[in-house]
Amino acid sequence: MAERDEEPTAFSVVVNGQIELAEIQGSKSGYCKFLVTHGEDWQVLDGLEEGVTHLSKRAPGVDTSFVWNFPINVAYRSTNIFGWPQVVLSVYDVDNLGRDVILGYGSAHIPSAPGTYNLKIRLYKPLASSLLQHLTSWISRVQPEFVDPKFPTQTEGREVVRAQSSGHAIVTVNVMTRVSGHNLFACGVTRGL
Amino acid sequence: MAELHVLGQIVGGSHFQRKNIFCKWGVETGQNFELVEGITEGQTQVDHPFEDEMAVWAQPLDIHFACRGITGWPKLHFQVWSQDVHSRNDICGYGFCHVPTSPGLVTVECPCWLPEGTELQQVSSYFVGGAPRLKHEDIVYSPGDRFRLMTKSTGVIHVHFQLVLKNFEKYGVRFSSEEA
């Protein structure tokens, strides 16, 4: 460690995982759009940051989950931990008129230490902010949605949201990290090399 | 300089008496910690949980500190408020937790409490709302004298932390008993 820390240390993070399933009370089917967001100093080396799963119907019986088993493979390179990638799930259903109906949003940071994780991501959907909008959404059967699908990853602006939570999704992730140069991070970024 | 990254999420609150709750949160540090990037205070969404589940706030945290020393480690403090059908807010609990010092993923459960007023205040808050509040909110996270305060326990806040520590090893700071 002779060098001073002016030189930023580059590291890469490889995420392999799958969106396993979701359980939402009162819903019979659903599909999931996922996004992985990252900060300014991050760049994608390989893989896709977004995707859409198939529409899955839940099986008859006591099991209330709908299974997607959809792969996520993305690799990043960065010099700054700030802006660590977050995964955002938006779960939709298709109604009788073929319209998309939101069932829930959820988000979580990709784990920062290498290893295998089972993330339980709780889902919530926004509620209409005024009585009039509530009424129009009831008449037209259109649910309120976030304009920006990345909104769940933002820290600011949350205080104006009224939400209803229901259900959760299970995401399995395997995280590998690689630090080129020095062993400067304790977290996991260095462990497991 | 050593650097500390606090990542994670304020997941939600459970076991609070009222259902439609939100959380005002903030980060308090000693003088050795200097904020580089990130947002250190905010307010979460109001959640109306379906049935008797936990209220989900899903408030992401991503804060970057530069540290000159290791005293005054960051703390997260919370105020839980409930909102009724007329959008009136009422306090539901105070609490704080330290940001953990072990790198990696840590789940923290922060139990909350609320000042209990006199019997007359309790009766009036039952009928018209407006539970007694703290005048000096810094006593929630400062180690001063709290002896005269009568409180009741309310609910639990669930927080997921992911810590990344940079350059601490260079200064001989150790965060676990494992050999480096």
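Here are some residues: A:Ser107, A:Ser112, A:Ser166, A:Ser130. Which one is in contact with a helix residue (DSSP H, G or I) (Cβ under 9 Å, 6 or more places away or on another chain) and within 12 Å of chain B (Cβ to nearest Cβ)?
A:Ser107
In the range B:12-36, which residues are β-branched (Val, Ile, Thr), open to solvent by 20 Å² or more (accessible area, probe 1.4 Å) and either in contact with a Leu (Cβ under 6 Å, 6 or more places away or on another chain) or more than 8 Å from every other protein chain (Cβ to nearest Cβ) (or both)? Explain how you work it out, then say what you get.
Let us first name the residues in the range B:12-36 that are β-branched (Val, Ile, Thr), namely B:21, B:27, B:29, B:36.
Those still in the list that are open to solvent by 20 Å² or more (accessible area, probe 1.4 Å) too: B:27, B:29, B:36.
B:Val27, B:Thr29 - these are the residues of the range B:12-36 that are β-branched (Val, Ile, Thr), open to solvent by 20 Å² or more (accessible area, probe 1.4 Å) and either in contact with a Leu (Cβ under 6 Å, 6 or more places away or on another chain) or more than 8 Å from every other protein chain (Cβ to nearest Cβ) (or both).
All but one of (1) surrounded by 14 or more Cβ atoms within 10 Å (Cβ to Cβ); (2) assigned to a strand (DSSP E or B); (3) within 14 Å of chain A (Cβ to nearest Cβ) hold for B:Thr107; state the number of the condition that does not hold.
It is condition (1) that B:Thr107 fails.
Considering only residues of the range A:22-69 that are among the aliphatic types (A, V, I, L, M) and out of contact with any strand residue (DSSP E or B) (no Cβ under 7 Å at 6 or more places or on another chain), which is farthest from A:Val171 (Cα to Cα)?
Going residue by residue through the range A:22-69, those that are among the aliphatic types (A, V, I, L, M) are A:22, A:24, A:35-36, A:44-45, A:48, A:52, A:55, A:59, A:62, A:67.
Next, only the ones that are out of contact with any strand residue (DSSP E or B) (no Cβ under 7 Å at 6 or more places or on another chain) stay: A:59, A:62.
Values: A:Ala59: 20, A:Val62: 21 Å.
Once the filter is applied, the top-ranked residue is A:Val62.
Test A:Pro111 against the stated conditions and say whether it is closer than 22 Å to A:Gly17 by Cβ and either free of Cβ contacts under 8 Å to residues at least 12 places away in the same chain or in a loop (DSSP other than H, G, I, E, B) (or both).
Criteria met by A:Pro111.
Looking at (1) at the interface with chain A (Cβ under 8 Å from one of its Cβ atoms); (2) open to solvent by less than 10 Å² (accessible area, probe 1.4 Å), which one does B:Gln9 not meet, given that it meets all the others?
Against the list (1) at the interface with chain A (Cβ under 8 Å from one of its Cβ atoms); (2) open to solvent by less than 10 Å² (accessible area, probe 1.4 Å), B:Gln9 comes up short only on (2).
Filtering the range B:48-78 down to residues that are part of a strand (DSSP E or B) and over 25 Å from A:Pro85 (Cβ atoms), which residue is farthest from the other protein chains (Cβ to nearest Cβ)?
So, considering only residues that are part of a strand (DSSP E or B) and over 25 Å from A:Pro85 (Cβ atoms), the one farthest from the other protein chains (Cβ to nearest Cβ) is B:Lys75.
I'd like the full set of residues that are basic (Lys, Arg) and open to solvent by 60 Å² or more (accessible area, probe 1.4 Å), limited to the range A:124-153.
Correct list: A:Arg141, A:Lys150.
When you scan the range B:140-148, do you find a residue that is within 14 Å of chain A (Cβ to nearest Cβ), touching a Lys or Arg at 6+ places or on another chain (Cβ under 9 Å), open to solvent by less than 60 Å² (accessible area, probe 1.4 Å) and closer than 29 Å to A:Ser112 by Cα, even just one?
No, that holds for no residue.
Among B:Leu114, B:Leu163, which is under 16 Å from B:Ile91 (Cβ atoms) and either open to solvent by less than 50 Å² (accessible area, probe 1.4 Å) or away from chain A (no Cβ under 14 Å) (or both)?
Answer to the selection: B:Leu114.
Conditions tested, residue by residue: (1) part of a loop (DSSP other than H, G, I, E, B); (2) within 30 Å of A:Pro144 (Cβ to Cβ); (3) away from every other protein chain (no Cβ under 14 Å).
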{"position": "A:Gln25", "(1), (2), (3)": "yes, yes, no"}
{"position": "A:Trp68", "(1), (2), (3)": "no, yes, yes"}
{"position": "A:Val88", "(1), (2), (3)": "no, yes, no"}
{"position": "A:Asn96", "(1), (2), (3)": "yes, yes, yes"}
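For the range A:88-97, state whether one or more residues are of a type outside the set (A, V, I, L, M) and free of Cβ contacts under 8 Å to residues at least 12 places away in the same chain.
The answer is yes; a qualifying residue exists.
So which of A:Leu35, A:Leu45 ends up being aliphatic (A, V, I, L, M), in a strand (DSSP E or B) and without any contact (Cβ under 8 Å) to a residue 40 or more places away in the chain?
Answer to the selection: A:Leu45.
The values are calculated or read from the model by the stated rules, or taken from the named source; none is laboratory data. Predicted, not measured: the structure shown is a model, and the values here were computed from it. Backbone-built Cβ (ideal geometry, glycine too); neighbour counts: all protein chains shown. Areas reflect the complete protein model, heavy atoms only, side chains present, ligands, DNA and RNA absent. Shrake-Rupley method; radii C 1.70, N 1.55, O 1.52, S 1.80 Å.
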